[in-house]
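Read the structure below first, then the notes.
The values are calculated or read from the model by the stated rules, or taken from the named source; none is laboratory data. Everything numeric here is computed off the predicted structure, so don't read it as measured data. When we count neighbours, we look across all protein chains shown, and the Cβ atoms used for this are built from the backbone with ideal geometry, even at glycine. Side chains are part of the model used for accessible areas, which takes the heavy atoms of the whole protein and leaves out ligands, DNA and RNA. Shrake-Rupley method; radii C 1.70, N 1.55, O 1.52, S 1.80 Å.
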Amino acid sequence: MANPNSHGLIKKMFAKKGLFFPIVGVLTLMTFIYMSFGDDFSVSNVFKQQNYSFVKVIGHQLMLDENPFYINGWNSYWLMDHAVEESSRARVKEMLEYGSKMGLTVCRTWAFNDAAYHALQLSPGHFDEQTFQALDYVIAEARQNGVRLIFSLVNNLQAYGGKTQYVKWAWQEGLGISSSNDSFFYDPTIQTYFKNYVKAVLTRKNTITGIEYRNDPIILAWELINEPRCASDPSGDTLQEWIKEMSEYIKTIDEKHLVTIGLEGFYDSKSSKAAVNPSKFTTALGTDFIRNNDIPTIDFASFHMYPDKWVEDNLDEKLEFVKKWMSSHIEDAEKQLKKPVILSEFGLSSHSKDFEPSHRDKLIKLVYDITYKSAKRNKAGAGSFIWQFVVKGMEKYNDDFGVIPWEMQSTYNVIVEQSCRLARLRGPSELKGSLRDACLRSQQ
C-alpha cells in the first residue's frame, strides 16, 4: 500500500519548479488509457487508433472515403521473407518508408511461402509461427507508413512452393488424383488444402497490431493466385470454376476486403480480342481476361505487361504494344466488366538487347500517362505497379527488372511526379507531409 503522505511529498518536490500539474496531467492521461483498455493496454491499441477506411468499389472505380482512389504502386514480393530474420528485417522498414516518401499508395507482395526456405506453410494446415509473425510485421510497418497492401495467396509458378507444392503434398499423402500441376485447380483434396490455408491467413490475429487480417483496412485486397494458367484445359472451364469457387469462399470469411485474380491478362482463342495478345501461344493457356473477371465475387480486374519479353521488336514497337495492351484492358473493364482495373505488374528487363536506363523511364512514363489519363477522365484505369523495387544488399534476390528508385534520379522523378498528379486529382489535402515536399522539389 502506498504511503498516505506520498502525494503531498511529491507535490512539494515539484511545486517549486512548476512541474506538479504537468506530472498530474500525464498520470491522469495514463489512468484514462488504462481504464479504457484495462489489461489490453499495449502497443496494439496504438495501431487500432490509426484511422484507415476500407477501399471499396463503386461502379468502375476504386473509392476511399467517398472519393476515387488512384494507385501509384509497386511490387516487392520479398517483404515477408526478409521480415523473418532480424538481420534482414530493416530492409522491409526501409522499403515501406521510401515507398511512402515517394507517395506510393499500395505495395503488392506475397502472403505465401509453401514448404520453401522461411516457409509460412510447412505442410497442409501447419504453419511456422516465426514466419507468420514476419507477415504481422509487414502489415504493422505498412500501417505505420500509410501504405496499403495487396496480398497474393499462392503462386502458379514453382517459386516459393506454389501450386506444384500443393500437388506434391496430395501425391505424397496418397490422396492426389493426378500428378499434373493443373490438378491444383480441380483436385478436391488440394482445394481443401488451399481453403484451409486461406482461412488461416484471413482469420490470423496480428501479434503486433491486435487486428485480424480480415478486419484490417491497410490490406487493400486478396489476390487469388499469381499469374494463373491451366493449359491442360484450353477451354478455360477448369480455371473459371476455380476462380468462382475460391472467390466465393473468401467472401464467406471476409466481406470487407476486395478480391482480384492475378491474371496476366491474355484473351482466349474464342475472344474477339485474341488478336491483341502478344502471341498465338497465349490464347491457349486456359485463361481469358474478360470471362475470368466477369464474376460477381471478383471486385476488380488486373493484368500484367512485359513488352520486352512478349514483343521481339525495337523500343518504339514495344511501346506501341503497351498502348494497345493497356487501352484494350481499360476499355474492357469499363464497357464490359464495369469494374476497375489495375496493371499489377509491368517492367523492362536490364538484360534486353540494347537496354538503357532511359528505355525503362520511357516505359514507366508511358504507363503512367495512360493511367493518369484514365483517372483524370474518371474511367476504369485505377493504377499501376512497377515490378519490382528492392533495396541495397539484395543482389541475390534481385532479378533483371529490379530497381532501387531513390538511387536513380531520373526514374525517381518520374515516379514522384505520378504520385503528385494522382494525389492532386483527389484534392489539395492529399498533398501533405513528405509527399508535398517531394512534389515541391520535383517542380523546381
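Of Asp288, Asp437, which has the most accessible area with a 1.4 Å probe, and how do the rest follow in descending order?
Heavy-atom accessible area, descending, gives Asp437, Asp288.
Counting alpha carbon pairs within less than 8 Å and at least 6 residues apart, what relative contact order, in whole percent, applies to the range 123-276?
With pairs under 8 Å counted, the relative contact order is 26 percent.
Residues in the range 114-145, backbone N under 18 Å from the label point at Lys256 (7 Å along the Cα-to-beta-carbon vector): list them, ranges by number please.
Those under the cut-off are 136-145.
Once Lys and Arg get +1 and Asp and Glu get -1 on their Cβ, which of Tyr197, Phe112, Ser88 lies farthest toward the positive end of the dipole of the chain?
My answer, from the dipole projection, is Ser88.
Identify unpaired cysteines across the chain, taking unpaired to mean no other cysteine Cβ lies under 4.7 Å from the residue's Cβ.
Cys107, Cys230 - these cysteines have no disulfide-compatible partner (Cβ-Cβ under 4.7 Å) in the chain.
Rounded to the nearest percent, how much of the accessible area of the range 320-362 (1.4 Å probe, protein heavy atoms only) is carbon and sulfur?
Answer for the range 320-362 is 49 percent, counting heavy atoms of protein chains only.
Tally Lys/Arg at +1 and Asp/Glu at -1 over every other residue whose Cβ is under 11 Å from the Cβ of Gly162; what's the total?
0
Out of all DSSP beta bridges with both ends in the chain, state the antiparallel percent to the nearest 5.
Antiparallel bridges: around 20 percent, rounded to the nearest 5.
Give me the distance in nm between label points sitting 7 Å out from Cα along the Cα-to-Cβ direction at Thr192 and Asp316, one decimal.
Taking the simple label geometry, Thr192 and Asp316 are separated by 6.0 nm.
How much FRET efficiency would the formula 1/(1 + (r/R0)^6) give for Ser272 and Glu241, where r is the Cβ-Cβ distance and R0 is 22 Å, rounded to 0.05?
E between Ser272 and Glu241, to the nearest 0.05, is 0.45.
If the cut-off is a Cα-Cα distance under 16 Å, which lysines reach Lys392, setting aside same-chain residues fewer than 8 apart in sequence?
Excluding near neighbours in sequence, the set is Lys93.
For the range 367-422 and the range 149-195, write down the distance between their C-alpha centroids in whole Å.
Going from one Cα centre to the other spans 32 Å.
What's the magnitude of the charge dipole for the chain around its Cα centre, counting Lys and Arg as +1 and Asp and Glu as -1 at the beta-carbon? Answer in Debye, nearest 20.
Values: 51 positive and 54 negative charges, 401 e Å.
The calculation lands at about 1920 debye.
Given C-alpha coordinates of the range 232-359, what is the ratio Rg to Rh with the Kirkwood estimate of Rh?
Here Rg/Rh amounts to 1.01.
Could you grab the Rg to Rh ratio for the chain? Cα atoms only, Kirkwood for Rh.
Checking Rg against Rh, the ratio lands at 1.03.
What does the accessible area of Val92 come to, in Å² to the nearest 10, when a probe of 1.4 Å is used?
Approximately 0 Å² for this residue.
Which residues in the range 223-237 have a backbone N closer than 14 Å to a point placed 7 Å from the Cα of Lys280 along the Cα-to-Cβ line?
In the range 223-237, the label zone of Lys280 (backbone N under 14 Å from the point 7 Å along Cα→Cβ) covers no residue.
For the chain, what does the relative contact order come out to in percent, with C-alpha contacts under 8 Å and a separation of six or more?
Contact order relative to length: 16 percent.
Taking all protein chains together and a probe of 1.4 Å, list Trp171, Trp74 from the most accessible to the least accessible. Kindly include the intermediate steps, with their values, before the conclusion.
Numbers: Trp171 140, Trp74 0 Å².
Highest to lowest solvent-accessible surface, that is Trp171, Trp74.
Please list, or write none, the lysines whose alpha carbon is within less than 22 Å of the alpha carbon of Lys168, excluding same-chain residues fewer than 8 places away.
Lys195, Lys199
Give me D for the range 285-444 in µm² s⁻¹, whole number, from Stokes-Einstein with Rh from the Kirkwood sum over alpha-carbon pairs, 10 °C and 1.306 mPa s.
For the chosen part, D equals 93 µm²/s.
Between 0 and 90 degrees, rounded to the nearest ten: what's the tilt of helix 6-15 against the longest Cα principal axis of the chain?
The angle comes out near 80 degrees.
Using a 1.4 angstrom probe and counting only protein chains, how large is the accessible area of Tyr193 in Å², to 10?
Its heavy atoms expose roughly 20 Å² to the probe.
Step by step: find N for the range 163-270, compute 2.2 N^0.38 Å, then divide the Cα radius of gyration by it. What's the final number?
This ratio for the range 163-270 stands at 1.17.
Residue by residue through the range 190-201, what is 3J(HN,Hα) from phi via Karplus (6.51 cos²θ - 1.76 cosθ + 1.60, θ = phi - 60°)? Round to whole Hz and write x for glycine and proline.
For the range 190-201, the Karplus-derived couplings read 5, 4, 5, 3, 5, 4, 4, 5, 4, 4, 4, 6 Hz, x marking Gly and Pro.
Hey, got the dipole for the range 244-400? About the Cα centre, +1 on K and R Cβ, -1 on D and E Cβ, debye to the nearest 20?
Roughly 520 debye, rounded to the nearest 20.
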